[in-house]
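Data first, discussion second: the structure below is written as structure tokens.
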Amino acid sequence: MNQVTSTGGAVIRILIVGGGCAGLTAAARLQQGLRAELRSGAVQITVVENRPYLTYQPLLAEVAAGSIDPRHVVVPLRRALPGCRVLTARIARIDHARRLAWIVPETGPEIELSYEQLVLAAGSVSRTQPIPGLAEHGLGFGTVGEAVGLRNHILEQLDIASSTRDPELRQAALTFVFVGGGYAGVGALAELEDMARYALRGYPNIQPNDLRWVLVESGDRILAEADPVLAGHTLVHLRERGVDVRLSTTLESAQGRVTALSDGSRFAARTLVWTAGVRPAPLLGATDLPLDEGGRVRCLPTLRVAGPDGGPLADAWAAGDCAAVPDPGADGALCAPNAQHALGQAELLADNLIAALGAGGPAGAAGSDRAERAYRPERLCSSASLGLGRGVAHTRRRSLTGRRAWLLHRARTLRALPSPDRRVRILADWILAGLFTREVVSLGSLEHPRAEFEAAVDSVEG
């Protein structure tokens, strides 16, 4: 087994697990605060992520709708973190008691990696359920590939409905079901419904009323994490657009592309999108760190991992979706797993870690008057885009709807993107989208780029 070791005993090795919003933000802030130590070699920061880039998920809905170039919502980690060592690999397990982690690269054997400080920012994965037919027919919505694939799929359904003479096939092709009424599900449905309605200009034999959009939510309201007033405005807006919103309803089966819901309804649908929440990364179960009932790492308000006795666990920190961080403004509840909390926690984690190391020096160094602070999030002002020129937003004073809310949501989203380069590119995309018509062409062949070549080879061999 290979072993990665430090070049000297005085080197403080910081291991950051995960390169998402929390991991990238923490690494960038540590890189800035420990610039002198990194240059001298006293500190080494290693980021391990199985993809060489961050995917900014709040903008995936606009990628699916064709408003943004897919490349512009990904941030290359090596470009954003020139002072860190970035390893494109997967963490297999962590033994924090021995300060060891085992990583699995794309090829080759496991590598044993030692460290002095651990930062867990492993994020979350889709929370799926063993529903018949979901694995065969369901579509996810958590990556750029899934967003582009969903866009292509919906446009292909319009092609099918336009060319078929089978009324049942036509109706199934024009029925789109989204399971999960959180920000991801509501945003994706609203943006894609807006795109599909625009695309119908090229399909004279399909009318807007022929499209059926169904949103299935197991709770008693959509956008459960948002302000109730904003959630109410969103519900009214979607229903005014003809979206069939089913509250307190669950998906029971999707076998044979037939959607069966808990309210007893059954109908054929060739599009089933699963956005029903997230769960902590499975990696957490392969560590010796304390987890809560939901599978997240128990944390103190300072973002240190909580030990078995309730005190801080030495040299371990966590932030983002994988961390169970107390929310002082929510009567003892935990912070919700969303991008806003992940960014705020990551910044504070980096500041507290620098303070614990002695204001950028080795642990225990003299001269540091900075104390670790508790995470006290500002009141989250939620907002959502519901298509071009339409949105809902909540400020400290009131709720907004329409174009003003849409512009405010875009400004907030752009400000939170952890890359100045990507902010400029996305702003340019928005400006160009306002000057020219929307692109609604399907590029489904991009999902299987070798298909045509393989068919040509098969025909020759045949």
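Computed values, structure above
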{"item": "Candidates A260, A346, A318, A306, filtered to the one that is under 22 Å from A26 (Cα atoms), in contact with a Lys or Arg (Cβ under 6 Å, 6 or more places away or on another chain), at pLDDT 95 or above and buried (at least 17 other Cβ atoms within 10 Å of the Cβ)", "result": "A306"}
{"item": "The stretch 44-58 residues that are outside the structural domain of N338 (by TED's automatic domain parsing) and surrounded by fewer than 22 Cβ atoms within 10 Å (Cβ to Cβ), paired with ones that are assigned to a strand (DSSP E or B) and at pLDDT 95 or above (beta carbon under 9 Å, 6 or more apart)", "result": "none"}
{"item": "Residues of the stretch 378-409 classified as within 20 Å of the chain's Cα centre (by Cα) and surrounded by fewer than 20 Cβ atoms within 10 Å (Cβ to Cβ), total", "result": "2"}
{"item": "Scope the stretch 93-107; condition assigned to a helix (DSSP H, G or I) and either crowded, with 21+ Cβ neighbours inside 10 Å or without any contact (Cβ under 8 Å) to a residue 24 or more places away in the chain (or both); matching residues", "result": "R98"}
{"item": "Within the stretch 233-326, strands (runs of 3 or more DSSP E) holding 3 or more residues that are among the hydroxyl-bearing types (S, T, Y) and within 30 Å of L174 (Cα to Cα)", "result": "none"}
{"item": "Residues being surrounded by fewer than 20 Cβ atoms within 10 Å (Cβ to Cβ) and either aromatic (F, W, Y) or in a helix (DSSP H, G or I) (or both) - total across the stretch 200-232", "result": "10"}
{"item": "Residue ranges of helices (runs of 4 or more DSSP H) in the stretch 389-462 with at least 3 members among the charged types (D, E, K, R) and either at pLDDT 85 or above or in the same structural domain as C21 (by TED's automatic domain parsing) (or both)", "result": "403-416, 420-435"}
{"item": "Whichever residue in the stretch 373-388 is aliphatic (A, V, I, L, M) and modelled with pLDDT under 90 and, among such residues, is farthest from I222 (Cα to Cα)", "result": "L388"}
{"item": "Unique match (being small (G, A, S) and more than 30 Å from D220 (Cα to Cα)) among G277, G295, G310, G264", "result": "G310"}
{"item": "Of all residues in the stretch 260-277 being of a type outside the set (A, V, I, L, M, F, W, C) and within 26 Å of the chain's Cα centre (by Cα), the one that is nearest to R390 (Cα to Cα)", "result": "T275"}
{"item": "One residue from R90, R13 being part of a strand (DSSP E or B), basic (K, R), under 30 Å from G358 (Cα atoms) and outside the structural domain of V144 (by TED's automatic domain parsing)", "result": "R13"}
{"item": "Residues of the stretch 336-356 classified as of a type in the set (S, T, N, Q) and in contact with a strand residue (DSSP E or B) (Cβ under 8 Å, 6 or more places away or on another chain), total", "result": "2"}
{"item": "Residue check, A172 in a helix (DSSP H, G or I) and small (G, A, S)", "result": "yes"}
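Okay, residues lined up against (1) modelled with pLDDT under 95; (2) in contact with a Lys or Arg (Cβ under 9 Å, 6 or more places away or on another chain):
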residue	(1), (2)
V125	yes, yes
A135	yes, no
G140	yes, no
Q157	no, yes
I160	no, yes
L169	no, yes
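The values are calculated or read from the model by the stated rules, or taken from the named source; none is laboratory data. Quick caveat, the model's predicted, so the values are computed rather than measured. Cβ: placed from backbone, ideal geometry, glycine included. Neighbour counts: every protein chain shown.
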